[in-house]
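Asker: Below you'll find the structure I mean.
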Amino acid sequence: MAVCVAVIAKENYPLYIRSVPTQNELKFHYTVHTSLDVVEEKVSAVGKALPDQRELYLGLLYPTEDYKVYGYVTNSKVKFVIVVDSSNTSLRDNEIRSMFRKLHSSFTDVMCNPFYNPGDTIQSKSFDSIVSAMMVQSS
Amino acid sequence: MAQCAQSVQEFVQDSFVPTVAVLCSADAERVTRRNNLSFPELLRPFCRLTSEGHLRDPNNLVVVVKGLRISVTGVNTQPLQPGEVRKLLSQAVSGCQPPEGLPANVVTAGDYDLNISDRSVKASVPWYSDWKDTFTQLSSSKFYTATTPWFEAYRENFLQSMPASDHEFLNHYLACMLVVSSREAAPTEQFQRLSQEQHRVQHSGEYTHPKWFIPNTLKYYVLLHDISDGDEQRADSVYEDMKQRYGTQCCYLLKINSRAAAAGPAEQMPDPWSQYLQKSRAQSPVSPAVLSEVDGHDVFCACVAVNSIDTSRKQGGLPASSTPVAHGACLTLNDHDRIRQFIQEFTFRGLLPHIEKNIRQLNDQLVSRKGLSRSLFSATKKWFGGGKVPEKSIAELKNTAGLLYPPEAPELQIRKMADLCFLVQHYELAYSCYHTAKKDFLSDQAMLYAAGALEMAAMSAFLQSGAPRPYPAHYMETAIQTYRDVCKNMVLAERCALFSAEVLKSQVKYSEAAALLIKMTSEDSDLRSALLLEQAAHCFINMRSPMVRKFAFHMILSGHRFSKAGQKRHALRCYCQAMQVYKGKGWTLAEDHINFTIGRQSFTLRQPENAIAAFRHILINDSKQVATQQSAFLREYLYVYKSVSQSSSDVTLPQLPLPCLHSAQTRVFFGHERRLAEGEKQAATHVWLDQEYDGEQAQLWAELEEQVVGVANKGSVPIGFQPTQYCLSCHTDNLRYPLAVVEEPIIVEVVFRNPLKVPLALAELSLLWKFTPKDFSRPPGGVPGEALSNEKEVTALNDIISTEVIPEFTIGPEETKVARLQLLPHKTGELQVLSVLYSLGTVEEDNGTTSRPTFVRGRQDLEIQGPRLNTTKEEKTSVRHGPDHRLDPVITPPMPLLEVFFINFPTGLLCGEIRKAWVEFVNVSAVPLTGLRVASTHPEFFTFGCAASDLTPVTPTASEHCSAYKTMATPPSVAATMLVSPAMFGVSGDDRPTVAEIPLVGGGLGPGEALQIPLWLRGPDREGVHEINFLFYYESVEKNAKLSHRVLRHKAFICASRSLSVRATACHSNTLPRRGGAEEEGGSSMLVFVDVENINTSEAGVREFHIVQVSSSSRQWRLHTCINPTGDRDSRLASRERGKLCFRATRCRTQEGETHARKYTFADLNLGNEQIVSSTTPCADFFFRRGSPSEAQKGGVSVGGANHTRRQSLTPAGGADDGVTGVVQKCSEVELNIIVLWKAYVVEDNKQLILEGQLHVALQTVGKEACSVPQKEEAQEMVLLKFKPDQPPPVSRPTLEQLSRLIKTCLHYPESYDHPFPQKSLCMVPVTLTLSNCSLAQVDVIIDLRHKTTSPESLEVHGTFTWLGQTQYKLQLRPHEVQRLVLKACFFQAGVYNLGTPRVFAKMAQAGTMCETSQQSSMPALIVINSV
């Protein structure tokens, strides 16, 4: 499904990036980083609407030749980015949405861990396994 | 952002200009050559018209032509080959670099401040607020410079090098100038010939490349006259002739070269040609340097100045010269005006009317054709078209890009007309024509033509000033798509995209422009892709909400393409700009990648400092790269670094990034490395770097040192005393400069951490220092010596300070390792340790290769930040750090250095065991030492003996099997006594002596001398492991201003195991002291019961204990005799056995003892045949050094005392009772210390050993048990917190029990008495009642004899008797007075009687109010009355 899953802090530094190991990791870093511009644009466009009714899911950020990049912003401005293969046409918007929701709830669990220091990179096994599950299904 | 110097309109206009060909006769060429110019070049600076031109369109409307430019080129100029074009372009780009050193412009975009090397002030202006104003300002303003000049250079060159195409006519020649010199023999014929030549070129079909707009090209005849050297009249006459022949409109006489070439170099002439010619000169010949750069092979010799002039100039064959050739040397300003005039004349008289005529002509043709229906027209084309028939079969449709109309095809006429209109700025007509043409071409499926028409239609729509028509962006898109996909013509597509992007940008449609530019990137041209990506990146940042990250990403892509295209400098610039976005944001992978690229590019561009900085950055950050990648980075870094350091001859070594140096954890140690045990000798532990810092320990040592210094300075600690610190770390106080002694090493421990996943190898590790020699013995104020440093060569100054060099030092992956580096100063002065010097290299895994891994030399500074200051308010509110002088030691003159060794020092002892060990003191320095003292946390543990003792065997070996005690052969008998003053044993007052002076022969130790003295140890009373700290203190004989004393530490661990437990009780004896000897003893005696239990648990080791002797030591009491009931003299105790000993103690003759010096009486009662003299060294020493009675033992007494004081403060009225209480208590107090000396038989390794020991019991209260083994303190229970003050305790009175012990009574009578009752019925027996006052106060005593025993049982047992005579006595007893009272008892019959009936009441004489207390009745006193 996903080839790259990233969590980005409010201040736009990566909290977690994981990509399919066979691929060029650097490329995904660049892709995710660049997508932040679009996220910012979308958020600032949406931001004028009522804040509590804001949709967290941002939808397709932009398509590249090989990948589609989807975004999601939590209320605390933490961004989730999922990159999927363009060739994978079976994925519907709803499925992406549910992936994000899963990711969000797992992320919430990580944040609830009293030993987690907010702002640190995420090193959680359960989070890892959730992300792996998202990536494994594809291959 | 790439803003152009021109507005978009200007740019488009200038890109499409009428072109004019020039055909020159050889003579005319020669005339212009005098100025180093060809004829077209001569005209070029004057090709822009300054005045407006006019012409009429087919509808007779006047069209104003503003700022028209014409392009003049030689007719034989060859179009460039694609390869040449590529070279030309890359040369143009690489030749144009951003200016360096200019104040860069900062663009603030969101959270980012981008430092982009453009100086366009307006780029960051918020567009949305008033974009139109901004835009007009931008486009009209000439103040800002172009920001991506390389892109503009590229564009200009690209447009100029566009080959003429068949589908459009914009750059086809409209006219041809025929130039003939006036010196020609027959100018007219020459004109004729040139005209024929032109005709041949245009119409013969032999030539393909110069393309002509219209079949009848305008021919313009120019007669060139050289003023300085020609016949002017002839020229005029020829001109007249020409006018007649060709008409005035098409002729011109141009007079130039007003002065001779050699004339006046002094006169400064503007050189308008240079800016045009520089480019043209560099055009075709390409220098090898540039070639190589373009090919990307040899990158090192890149960027040789491209504008240096080539050796071979293209056709002219001018001599090569490095100085720019002066152009127009023969031209005066008048000549310039003439040329300008000529161009104007040519344009207005010749060119524009020609164009006007042609437009009319074409228009007429089109109008005449309009009558035909479109379909019929195309149908006729079908029938009669012949060669130009477009194939419309389905199969051919795809291929229609190749469709070509013949040059005179009617479809092209409209396009021609449109182009003409466009060239003369009649955009409205041009648009409608293009639009019509587009429809035609599309219906013919002539895609190339259609695309061209679309492109130009869009352009002319854009250029129509004030037109209601919006810019048709989709036209452009379609055009680009068609060019690219259908026609596969990237050049045209690119041109179209360049225009479109420019237009879109001018309309603030940045995202569209960016998308367009990105679409145009392709694999076939790296340079174009790079440039377009860069422009796209600039578009992103100029968007309404700047997309910084997209900017950065596209800059990286652009940089990548630049580097592929061989444009290293531009690539580096791109990466650097992108870096600003990625820097420090946690995107480490990307950051590393950029840094790596920057490093590489910088290196190839010979910017090694930048390269090193970039590589350094990759290495020091916690890199997430894999190990192989890291090792690649490292190798690259080392390689770059090495090549840099080889090339530069800098004196100061550069800083190395690896491994990480934890400066704060640096530790400094002063002194030698610790010597370990030598054979039996065990060195003092002292201080060493391996020991962890322990704050409590440090505090403890500091306190000990303060104590010993206080003692050494006769009770006062000097002001400014600071405990000696041998090992400085981040925990110690480093505010002062530490003191080091000359000729003693300084060891600096530095902590390295390798952050990488590959091992690092360091070599030749050493310290870098700075040293200022100073002589401290001289008075201060002397001139300090010059500072020295070992920076140049590490070991060069070894005669001043020896520097240790560690040859090899390897740090594993992600390892933290310490290195200890030593310095040995040989001179006094001030030293500063600055940094660590080392060579950094990689560890080669492959063992077979011979290649030595590369090592680079560098340093890392040791910069230690002091602790944060937090005392004043200012310091609290700001962050300030204090100094840290850890690494700046002061080297002081020599000081003695003591080494201490312990011989036979045990590790385990029984509790109370006495062991003799030896200490060796060695002065290893060259300076004598004195004033040796020792302080300890456990002074009761050891003793060096008192000064008087001389009983010791002289060597440790001789003493092995001797007893530690001094013994005398004496049979057991009455105790031998000895009076000893505690001062003899160095004990003064009650406090424990923590500091002891060590007796040295001659008071000191000379250099190199050693001294062995005995040391007695006594096992601690508590079992368990004990940590015992010794602090040896010593001074130099000579006073050292900096360093008054030195100390040596030793820490010993002793494991104490249980031995015996001694419990003792004392009770008053009721027996009267015997007459004679006892009388003088003061009359009182006590019984002391000593219970000894073997509580040793190790069954294997200790077989049995023997009690050898019991001694007493007290100021008031002494043991007198042993009154053991059994004859068991040598009492032995096996495991868990218990023995009891009974002693009688008497009061010593203390009255005088108390007055002088409070001496102690030692009384020895030996049970065997050997008396241990307890009053001498080991025994008495340990007695005096014994710990104060533990709290548990003291409790009973001290509680009363505490209450006492408390009550005093609360109720001062009760003063009278105090005395009573004190007296009463005194009465039951004893102060007797029992020393039990024992021997233990221990089997160890099948050998029997005899251990000796002594245990102390302090008896304090009569009847109360005291124990040698300190009671275990009960776990403190949780105490409720009280918030109210305690109730004052009830007023304490002496208890009844205590009061009842005031008087001791005793009855003396015969045990049996025979009385003949039959003779005498009354038997009278004399009985003596002895009353002794135990207290120290006067006591009133009442003796009442009337009392009868009332208990029934006693009645049963005893018969009754009566006391005769006085039945009540009142007595007063002085302190310790004994009185005897003679009584008479009267018995009536034989029997057994209890005489103990007298009741004794006592009361203190002073305490008037108190009633008498009944005194403790004595035992039943039975008397047997026999009847005989």
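The values are calculated or read from the model by the stated rules, or taken from the named source; none is laboratory data. Values in this document were obtained by computation on a predicted structure and should not be read as measured data. A quick note on method: Cβ atoms are made from the backbone with ideal geometry, for glycine too, and the neighbour counts reach across all protein chains shown. These accessible areas exclude ligands, DNA and RNA; they are computed on the full protein's heavy atoms, side chains included. Shrake-Rupley method; radii C 1.70, N 1.55, O 1.52, S 1.80 Å.
Asker: Can you compute the FRET efficiency between residue B:1243 and residue B:702 using 1/(1 + (r/R0)^6), with r the Cβ-Cβ distance and R0 = 60 Å? Round to the nearest 0.05.
Answerer: 0.85
Asker: Another question, then. Let me confirm one metric for peptide B:544-557, namely the mean number of other chain beta-carbon atoms within 10 Å of its residues' beta-carbons.
Answerer: Per residue, the average neighbour count from other chains is 4.
Asker: Using 0.36 nm times the number of residues separating residue B:872 and residue B:930, minus their current alpha carbon distance, what extension gain do you get?
Answerer: 16.5 nm is the gain from fully extending residue B:872 to residue B:930.
Asker: Where only protein heavy atoms count, and the probe is 1.4 Å, what is the accessible area per residue for segment A:2-134 in Å²?
Answerer: 50 Å²
Asker: While we're on this one: Separation of segment B:893-921 and segment B:927-943 by C-alpha centroid, Å?
Answerer: So the separation of the two Cα centres works out to 10 Å.
Asker: Which whole number in µm²/s is D for segment B:12-56 by Stokes-Einstein, with the Kirkwood Rh taken over Cα pairs at 37 °C and 0.692 mPa s?
Answerer: Result for D is 258 µm²/s.
Asker: Additional query: Probe radius 1.4 Å, ligands and nucleic acids left out: which of B:729, A:126 has the largest accessible area, and how do the rest follow?
Answerer: Putting B:729, A:126 in descending order of accessible area: A:126, B:729.
Asker: To the nearest 10 Å², what's residue B:538's accessible area with a 1.4 Å probe?
Answerer: Result for residue B:538: roughly 10 Å² accessible.
Asker: Scan chain A and report its longest stretch carrying no GluC sites (Glu not before Pro) that are both in a DSSP loop and have at most 13 other Cβ atoms within 10 Å.
Answerer: Within chain A, the longest run free of exposed GluC sites (Glu not before Pro) spans A:66-139.
Asker: Modelling each spin label as a point 7 Å along the Cα-to-Cβ direction, I'd like the residue A:92/residue B:465 distance in nm, to one decimal.
Answerer: Going by the 7 Å Cα→Cβ label model, 5.9 nm.
Asker: For residue A:10, put the label point 7 Å out on the Cα→Cβ axis and report which residues of segment A:19-41 keep their amide N under 17 Å from it.
Answerer: A:40
Asker: With the cut-off at 26 Å, tell me which of the pairs A:77/B:550; B:585/B:642; A:10/B:550 have Cα atoms farther apart than that.
Answerer: B:585/B:642
Asker: Any residues in segment B:571-594 that have 50 Å² or more less accessible area with all protein chains than in their chain alone, probe 1.4 Å, and which are they?
Answerer: B:587, B:589
Asker: Longer than 24 Å from Cα to Cα, which of B:87/B:509; A:42/A:125; A:79/B:583; B:827/B:1039 are they? Say none if no pair is.
Answerer: Check vs 24 Å cut-off fails for B:87/B:509; A:42/A:125.
Asker: Whenever you get a sec, compute what percent of the accessible area on segment A:2-134 sits on carbon and sulfur atoms (1.4 Å probe).
Answerer: Roughly 52 percent, rounded to a whole number.
Asker: Still on this structure, I have one more. Where does each of B:1246-1255, B:149-158 land if you order them by average Cβ count within 10 Å, highest first?
Answerer: Result, highest mean first: B:149-158, B:1246-1255.
Asker: Also: List the residues of segment A:1-44 whose accessible area drops by at least 30 Å² when all protein chains are present, compared with their chain alone, using a 1.4 Å probe and counting only protein heavy atoms.
Answerer: In segment A:1-44, residues shielded by partner chains: A:12, A:14, A:26, A:29, A:30, A:33, A:34, A:37, A:41.
Asker: Let me ask something else about it. How much length is gained on full extension from residue B:1055 to residue B:209, taking 0.36 nm per residue of separation minus their Cα-Cα distance?
Answerer: 293.6 nm
Asker: When all alpha-carbon pairs of segment B:430-506 are counted, what percent fall beyond 17 Å?
Answerer: 39 percent
Asker: Also: Alpha carbon centre of segment A:54-108 versus segment B:458-536: separation in Å?
Answerer: Taking the Cα centre of each part, segment A:54-108 and segment B:458-536 sit 33 Å apart.
Asker: Could you compute how much accessible surface residue B:1269 exposes when probed at 1.4 Å, giving the result in Å² to the nearest 10?
Answerer: About 50 Å², rounded to the nearest 10.
Asker: Could you order B:576, B:487 by accessible surface area, starting with the largest, using a probe radius of 1.4 Å?
Answerer: B:576, B:487
Asker: Given points 7 Å out from each Cα along the Cα-Cβ axis, report the residue B:1360 to residue B:818 separation in nanometres with one decimal.
Answerer: 9.5 nm
Asker: Taking the Cα centroid of segment B:541-596 and of segment A:1-42, what is the distance between the two, rounded to the nearest whole Å?
Answerer: Between the Cα centre of segment B:541-596 and that of segment A:1-42, the gap is 17 Å.
Asker: Let me ask another. What's the buried accessible area, both sides, between A and B using a 1.4 Å probe, rounded to 100 Å²?
Answerer: 1700 Å²
Asker: Taking the convex hull of the Cα atoms, report for chain A its projected area averaged over all directions, in nm².
Answerer: Averaged projected hull area, Cα only: 8.2 nm².
Asker: Based on Cβ point charges of +1 for Lys and Arg and -1 for Asp and Glu, what charge dipole magnitude is obtained for segment A:2-134 about its Cα centre, in debye rounded to the nearest 20?
Answerer: Charge dipole of segment A:2-134: 260 debye, to the nearest 20.
Asker: Not counting ligands, DNA or RNA, and with a 1.4 Å probe, what is residue B:1346's accessible surface area in Å² rounded to the nearest 10?
Answerer: 130 Å²
Asker: With r defined as the distance between the Cβ atoms of residue B:232 and residue B:193 and R0 fixed at 30 Å, what FRET efficiency is calculated, to the nearest 0.05?
Answerer: The value I calculate is 0.80.
Asker: Take B:456, B:968 and sort them by solvent-accessible surface of the protein heavy atoms, 1.4 Å probe, largest at the top.
Answerer: B:968, B:456
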